[in-house]
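Working notes for the structure below.
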Amino acid sequence: MATTESHSDAGSIDESELEEADPNNRTVRALTEVMTVLDSIGRARNADNLFLVNSGSGSEYLVDTRTGSCECKWKQFNPGEECKHQKRVAFATGERPIPQWVDDDALDDQFGLHVDGEPRKAVADGGVMEVRFDDGGVTDPNEDPLAVTSEDEPRTKRAKQEDIDVSFLAKPGRYEVHSASDSRYEVDVLEETCSCPDIAERCKHRRRVEIEIDAQRVPRPDGKLPDA
Ligand SMILES: [Zn+2]
Ligand SMILES: [Zn+2]
């Protein structure tokens, strides 16, 4: 059952797959379908060779890169071949470069978000380069609290991207928000209110204030400065 992949194999791209570029091709599906690869939670915790792949349809499969196994049904019927989940793990971790012919816009936005490695892209001279996404998708949100991820709702994206100043009003839970359009609103995180006209459940100002508090960029709602 178990097949061991040699390292030289893992780093190369199958030429025949490069040429077909058939939309149903497993490599194409591995690159473009909505999938999330996770390497440090649940059954994949504490093991370098284990990855959880969540499909867009909500199924979860455990991929073991050491034994070359995947839990999906396709793999059961094609034990000698690599399923799209295994391919996705190899691409998402950067173990295998993304083929040059792949249009960056066609890549699933989830690429490289939840794994330690970074996807790499093959270039014409046979080398590789790191893939960067316009939406900052490979930025670790822990490093930049205002980095937008593809999971963010539109309002959260605006909360992060717009030029908004947040200052503490020296009253518990109250913050003044100064927007790029020069409007000033008052957010009360304890009352969960904002003085702006947006009737959404959580307007972008409240989202931004919460982000700034979490990131310890403004005093906490109780008036204390963030712990150094
Ligand atoms: Zn699979
Ligand atoms: Zn607001």
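The values are calculated or read from the model by the stated rules, or taken from the named source; none is laboratory data. Computed from a predicted structure; not experimentally measured. Neighbour counts are summed over all protein chains in view; Cβ atoms, including those assigned to glycine, are modelled from backbone coordinates with ideal geometry.
Here are some notes:
- Every listed requirement among (1) outside any helix (DSSP H, G or I); (2) exposed (fewer than 11 other Cβ atoms within 10 Å of the Cβ); (3) of a type in the set (S, T, N, Q); (4) modelled with pLDDT under 50 is met by Ser8 save one, (1).
- Of the criteria (1) away from ligand 2 (no atom under 11 Å from the Cβ); (2) within 12 Å of Leu169 (Cβ to Cβ); (3) under 28 Å from the mean Cα position of the chain (by Cα), which one Pro221 fails: (3)
- Test for Pro141: is it at pLDDT below 85, surrounded by 13 or more Cβ atoms within 10 Å (Cβ to Cβ), in contact with a Ser or Thr (Cβ under 8 Å, 6 or more places away or on another chain) and part of a loop (DSSP other than H, G, I, E, B): yes
- Flag for Asp165 being at negative phi, among the charged types (D, E, K, R) and modelled with pLDDT under 85: no
- Scan of region 194-218 for residues that are more than 9 Å from ligand 2 (Cβ to nearest atom) and either in a loop (DSSP other than H, G, I, E, B) or of a type in the set (S, T, N, Q) (or both), ordered by number: Ile199, Glu201, Ala215, Gln216, Arg217, Val218
- Across region 175-207, the number of residues qualifying as under 23 Å from Lys224 (Cβ atoms) and among the aliphatic types (A, V, I, L, M) comes to 4.
- Pick from region 170-209, criterion crowded, with 18+ Cβ neighbours inside 10 Å and under 17 Å from Leu146 (Cα atoms), ranking: farthest from ligand 1 (Cβ to nearest atom): Val177
- Some residue of region 93-109 being touching a Lys or Arg at 6+ places or on another chain (Cβ under 6 Å) and closer than 25 Å to Asp152 by Cβ: yes
- Tabulated pairs, region 38-62, first on the phi < 0 side of the Ramachandran plot, second modelled with pLDDT of 90 or more and of a type in the set (Phe, Trp, Tyr), C-beta under 8 angstrom, 6+ apart or interchain: Leu38/Phe51; Asp39/Phe51; Ala44/Phe51; Leu52/Tyr61; Val53/Tyr61; Ser55/Tyr61; Leu62/Phe51
- Test: residue in region 172-193 that is assigned to a helix (DSSP H, G or I) and out of contact with any strand residue (DSSP E or B) (no Cβ under 6 Å at 6 or more places or on another chain): no
- With a requirement of 3 or more residues that are more than 10 Å from ligand 1 (Cβ to nearest atom), the strands (runs of 3 or more DSSP E) lying completely within region 27-99 that satisfy it span 35-38, 50-55.
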